[in-house]
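**Q** Once you've had a glance at the structure underneath, I'll fire off some questions.
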């Protein structure tokens, strides 16, 4: 299992997600984001707006995604 935080994945807090694959980590992060959106958490909403801006630039979003995936792969397993 590898761990990444919400902040490492573009979020606003240090909640840790643990999974065996980057895709699983991304899904956990997305679920957390939905929960924070429903709670109207200001810090997470700001982080979501920043990610939305990044997503509007396909090359930048792809680069960001690949960097996070590489970061995940370089984490030591627990």
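**Q** For region 43-78, how many residues are surrounded by 13 or more Cβ atoms within 10 Å (Cβ to Cβ), free of Cβ contacts under 8 Å to residues at least 12 places away in the same chain and outside any helix (DSSP H, G or I)?
**A** Qualifying residue count, region 43-78: 0.
**Q** Quick one: which of 12, 26 is under 12 Å from the mean Cα position of the chain (by Cα), surrounded by 15 or more Cβ atoms within 10 Å (Cβ to Cβ) and in a helix (DSSP H, G or I)? Talk me through it step by step, then tell me what you get.
**A** On the way: 12 fails: in a helix (DSSP H, G or I).
Going through 12, 26 in turn, just one is under 12 Å from the mean Cα position of the chain (by Cα), surrounded by 15 or more Cβ atoms within 10 Å (Cβ to Cβ) and in a helix (DSSP H, G or I): 26.
**Q** Next question. Before we move on, is residue 37 farther than 23 Å from residue 60 by Cα, modelled with pLDDT of 95 or more and under 10 Å from the mean Cα position of the chain (by Cα)?
**A** Judged against the criteria, residue 37 is not a match.
The values are calculated or read from the model by the stated rules, or taken from the named source; none is laboratory data. The structure presented is a predicted model; accordingly, all values stated were derived computationally and were not measured. Glycine also receives a Cβ, built like all others from the backbone with ideal geometry; neighbour counts cover every protein chain displayed.
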